[in-house]
Amino acid sequence: MSSTLWAWGLFSIYLVVTAFLAWRGGQKGGDATTFAIGSGRMSPLIAGMTLGASLASSAMFVIFPGFVYKDGLAPLIGFSVPLIAGLGLGFALLGPRFQSLGAQGGALTVPHWLGARYADPRLRRLFSALNVLNIAYLVLIAVGCGYVMQATLGVPYIPAVIGVVVFVFGYTGFGGAWAHALTNTLQGAIMLVVALVLFGTGLGTWADGRLWADLSSTGAVAPGTALFGSAAEVWLVPFLMGMALSTQPHLLTKSLYVEDRAAWRQTVGIGMGTYAVFSLVLFVGAYARLALPAGIPQDQAVAQYIQAAVPWGPVNAVVGVAILSASMSTMDGLLVAISASVANDLLPGRGSVAANRLVLVGLAVATIAVAVSPPPLVLILGQQGVYGLVAASAGPLVAGLFLRGPLASGPAIASAIAALAVHFGLTAAGVSANPGVTASAAVAVGLPIALLPPLLRRSNPAAVGLRG
């Protein structure tokens, strides 16, 4: 049996099981709160697997190992240890406070939380509007899925994109947060198995010492590269961006899925442990350096290595399904967050499951319209949009979480605007090709703007909303 037939068989089973889990998720509640955050008493195991799967997109299985193939040790470090440490620390510091204040005010989304904490609906609407920047990232995922289905299943690109968008948007609209959580648990389990299998294909290079000899010869810094040209870009920038990325709406709201701080600690532990196992796939890039000739385009290194190392059809089919799972797990998490935010925050007072579903229909049409013929800049704008959102969120969130008492919204709004201006301004000026550098600079500017005025002027006017 050919690998394409194996892929179709496994993918068909995956579709049926995913649809069943989404249906089960849809049976667990039908109001706007359940759609956005589930019951609020989700099992830490399910919430943790959902968190880990939401963190890992197809980039972890295809793009990041390509950087390791090209540049060696520096990207292997930068995409793993400091990034995981930053994410874990961010979730540990921000999640418990966000959870307790969110429960107090009944917040369903990050923009809802910010608007209530600062007692200003303008802040709520501002960050709900900024969430729409994630549409570019949805397009990136849809484009990636289209290419994977084209290569694995033999489906033409445009029908593949339309099919993926309709399927993922459909099951997310049916079951909301519970569908997202249950399907991500399945997707995460598939990804865990494949990550371990791929990591195991090169164990022989550990035993004979060739792996470390090759990696050490590349050095811990990759001079002249866009992302890892200095020690700060290898260690500091990924750590800082890991902390910043923990503020993403579809990630931080996972703290509202579970009941209390103890459950959140378990969720973070499971989520980060899961993501650490996914990160073992980075070693495929290192194995490819030894198994493949130099000069292969880095985005093709993983596929060529798998064909060479494990040419058996069923294994290639499982890998293809795992990459699709990684993409879908990130996409449905973004969809729950964006649709809940637009329906509940951009148009407050109109939030309902029906409104969320209408938003999803609009997002699906927009995603397909761009993804069927993606402009070259979408690849850049997707990452820039995500980093811009987290840079803008950092100051208002940190001030709202850790400063006590009522807070004026002016410094928070100024912080968000300044961070966006710095991030996109430095990018446009060509100061750095690394979006992590520009976003880190934006956070460094935005944080003092949000924190210093309240600290210097403690006599704020009385406010209504979430209290510190």
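Along region 115-129 the Karplus relation, 6.51 cos²θ - 1.76 cosθ + 1.60 evaluated at θ = phi - 60°, assigns HN-Hα couplings of x, 6, 5, 9, 6, 9, x, 4, 5, 4, 5, 4, 6, 5, 5 Hz to successive residues, with x for each Gly and Pro. Put in line by how crowded their Cβ is, counting other Cβ atoms within 10 Å and starting with the fewest, TYR287, TYR275 read TYR275, TYR287.
Over region 3-376, the fraction of Cα-Cα pairs per 20 Å bin, rounded to whole percents and listed from the shortest bin up, is 29, 58, 13, 0.
Provide THR367, THR50, THR185 in ascending order of the number of other Cβ atoms located within 10 Å of each residue's Cβ, fewest first. Could you put the intermediate results ahead of the total?
Values: THR367 26, THR50 30, THR185 20.
Result, fewest neighbours first: THR185, THR367, THR50.
Note that region 244-252 has calculated 3J(HN,Hα) couplings of 5, 5, 5, 8, 4, x, 6, 9, 5 Hz, one per residue in order, obtained from phi through the Karplus relation 6.51 cos²θ - 1.76 cosθ + 1.60 (θ = phi - 60°); glycine and proline are x. Mean residue ellipticity at 222 nm, helices only, the chain: -24000 deg cm²/dmol; runs of at least 4 DSSP H residues each add -39,500 (n - 2.57), and the sum is divided by the number of residues. With θ taken as phi - 60° and the Karplus curve 6.51 cos²θ - 1.76 cosθ + 1.60 applied, the whole-hertz 3J(HN,Hα) list for region 396-406 is x, 5, 4, 5, x, 7, 10, 8, 8, x, x Hz, x standing for glycine and proline.
Could you please rank ASP332, ASP71, ASP299, ASP120, placing first whichever residue has the fewest other Cβ atoms within 10 Å of its Cβ? Please report the intermediate quantities before stating the final value.
Details: ASP332 31, ASP71 24, ASP299 15, ASP120 20.
Lowest to highest Cβ neighbour count: ASP299, ASP120, ASP71, ASP332.
Normalising by the residue count of the chain, find the relative contact order in percent from Cα pairs under 8 Å and 6+ residues apart. Before the final figure, lay out each step's value.
Details: 818 pairs, mean separation 149.8, N = 468.
Value for the chain: 32 percent.
Read-outs: derived from the displayed coordinates by stated rules, not from any lab. Only a predicted model underlies this, so the values are computations on that prediction, with no experimental measurement involved. When we count neighbours, we look across all protein chains shown, and the Cβ atoms used for this are built from the backbone with ideal geometry, even at glycine.
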